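*Asks:* After the structure tokens below, expect a handful of questions from me.
Where a number appears in this text, it was derived from the coordinates with a stated rule and is not lab data. Given the structure is predicted, the values throughout are model-derived calculations rather than measurements. Methodologically, a virtual Cβ is constructed for each residue, glycine included, from the backbone with ideal geometry; neighbour enumeration extends over all protein chains shown.
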Amino acid sequence: MKEQLKGLLDQAQINLSEAQIEQQLALVGLLDKWNKAYNLTSVRNPKDMLTRHIMDSLAVRQYLHGQRFIDVGTGPGLPGLPLAIAEPDNEFVLLDSLGKRIRFIRQVCHELKLTNVTAVQARVEDYQDEKQFDGVISRAFASLNDMLSWCEHLPAENGRFYALKGLYPQDELEQLPEQYKIESIEQINVPGIDASRHIVIISKRS
Ligand SMILES: C[S@@+](CC[C@H](N)C(=O)[O-])C[C@H]1O[C@@H](n2cnc3c(N)ncnc32)[C@H](O)[C@@H]1O
């Protein structure tokens, strides 16, 4: 699996240290182990987890600006955990309403000694943090409209929303509330994934 991951990272031109590669592989091992009891992901095969979870999450990395991020509806820590491993100097809050997913993330942080992750069990609409975020990230969480309305209190003044989507979300973009503007929409190529992937980056109009 290590050689496969290294090949995928090379194709995507993503640089990780040897220790970070080991941590990503350990994350896949823990996902596989806990999946049996906790039903964390419908992806059952560890090799598919490399592409559909690790590589898909890391594809966001090059677009992030800032130091402090929240991954809302993170599930078992996706994309937040692969990003936190790749960016140890940045801070990540990983939030989900389901306790078993948050317990899994805490176990991963303990086993991989990740000190830049805080796992929070809450509904995002109710969550208050004393510091605001440079970025609000989500994958497979909600429509753009719902994400913006549930998370509007979270970003700092110049903060951004990063929504990972499959197909180009034309309908959702047409319904974007006026106070928001699209910074960019990028098509992402994730090695090993054939399906269409996009990242939508949104900010609040000043
Ligand atoms: C389809 S899963 C996606 C998980 C992960 N982001 C991924 O890409 O694999 C959506 C997650 O959002 C969480 N969720 C849904 N509504 C939420 C809310 N209002 N606040 C916090 N988490 C929520 C669910 O518990 C679930 O874990």
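*Asks:* Take the Cβ-Cβ distance between S42 and K113 as r, set R0 to 22 Å, and report the resulting FRET efficiency rounded to the nearest 0.05.
*Replies:* So, using R0 = 22 Å, E works out to roughly 0.15.
*Asks:* Further, regarding this structure: Can you give the longest stretch of the chain with no exposed loop site, where a site means GluC sites (Glu not before Pro) in a DSSP loop (not H, G, I, E or B) with at most 10 other C-beta atoms within 10 Å? Kindly include the intermediate steps, with their values, before the conclusion.
*Replies:* On the way: sites that count: E130, E178.
The segment 1-129 is the longest one with no such site.
*Asks:* Continuing with the same structure: Once phi is turned into ³J(HN,Hα) by the Karplus curve 6.51 cos²θ - 1.76 cosθ + 1.60 with θ = phi - 60°, what whole-Hz value does each residue of region 151-160 show in order, with x for glycine and proline?
*Replies:* 10, 4, 7, 8, x, 5, 3, 9, x, 10
*Asks:* If you take the alpha carbon radius of gyration of region 148-206 and divide it by 2.2 N^0.38 Å, what ratio comes out, to two decimals?
*Replies:* Cα Rg divided by the expected 2.2 N^0.38 Å: 1.21.
*Asks:* Residue farthest toward the positive end of the dipole of the chain, with Cβ of Lys/Arg at +1 and Asp/Glu at -1: which of G192, T41, L64?
*Replies:* With unit charges placed on the Cβ atoms, the residue in question is T41.
*Asks:* Quick one: of the DSSP bridges fully inside the chain, what percent are antiparallel, nearest 5? List each step's numbers first, then the result.
*Replies:* Values: 13 of 32 bridges.
Among the beta bridges of the chain, antiparallel pairing accounts for roughly 40 percent.
*Asks:* Order these by the 10 Å Cβ neighbour count, fewest first: F69, F141.
*Replies:* Least crowded to most crowded, the residues run F141, F69.
*Asks:* Then there is this: Is it possible to state the helix-based mean residue ellipticity at 222 nm for the chain, with each DSSP H run of 4+ residues giving -39500 (n - 2.57), the sum divided by total residues, to the nearest 500 deg cm²/dmol? What is it?
*Replies:* Value at 222 nm, helices only: -10000 deg cm²/dmol.
*Asks:* Suppose every Lys and Arg Cβ carries +1 and every Asp and Glu Cβ carries -1, with no other charges. What dipole size does region 1-204 come out with about its Cα centre, to the nearest 20 debye?
*Replies:* Roughly 760 debye, rounded to the nearest 20.
*Asks:* Test of the criteria: in region 38-110, which trypsin sites (Lys or Arg not before Pro) are in a DSSP loop and have at most 13 other Cβ atoms within 10 angstrom of their Cβ?
*Replies:* R44
*Asks:* Let me ask another. Find how much the distance from D32 to N145 grows on full extension, using 0.36 nm per residue of separation minus their present alpha carbon separation; answer in nm with one decimal. Intermediate values should be presented prior to the final figure.
*Replies:* Working: separation 113, 0.36 × 113 = 40.68 nm, distance 3.29 nm.
37.4 nm is the gain from fully extending D32 to N145.
*Asks:* Modelled label-to-label distance, N189 and R205, 7 Å Cα→beta-carbon offset: nm?
*Replies:* According to this spin-label approximation, the distance is 3.6 nm.
*Asks:* Once both labels are modelled 7 Å past Cα along the beta-carbon direction, what's the E174-S196 spacing in nm?
*Replies:* It is 1.4 nm.
*Asks:* Over 22 Å between C-alpha atoms is what I'm after, so list which of K2/K113; K131/K204; K47/K113; K6/K36; K36/K100 land there.
*Replies:* Values: K2/K113 20 Å; K131/K204 18 Å; K47/K113 24 Å; K6/K36 27 Å; K36/K100 13 Å.
Result: K47/K113; K6/K36 exceed 22 Å.
*Asks:* With the convex hull built on the Cα atoms of the chain, state its orientation-averaged projected area in nm².
*Replies:* If you wrap the Cα atoms of the chain in a convex hull and average its projections, you get 10.7 nm².
*Asks:* So for the pair S17, E157, with labels modelled 7 Å out along Cα→Cβ, what separation do we get in nm?
*Replies:* 3.6 nm
*Asks:* For Q121 and D10 in one chain, what is 0.36 nm times their gap in residues minus the Cα-Cα distance, to one decimal in nm?
*Replies:* Answer, rounded to one decimal: 36.5 nm.
*Asks:* By how many nm would the segment from Q67 to I182 lengthen if fully extended, with 0.36 nm per residue of separation less the alpha-carbon distance?
*Replies:* Extra length from Q67 to I182 when fully extended: 39.3 nm.
*Asks:* Using the 10 angstrom Cβ neighbour count as an exposure proxy, how do Y162, Y38 rank, fewest first?
*Replies:* Taking fewest neighbouring Cβ atoms as first place, the list is Y38, Y162.
*Asks:* Quick one: Cα convex hull volume of region 86-156, Å³ per residue?
*Replies:* For region 86-156, the hull spanned by Cα atoms encloses 102 Å³ per residue.
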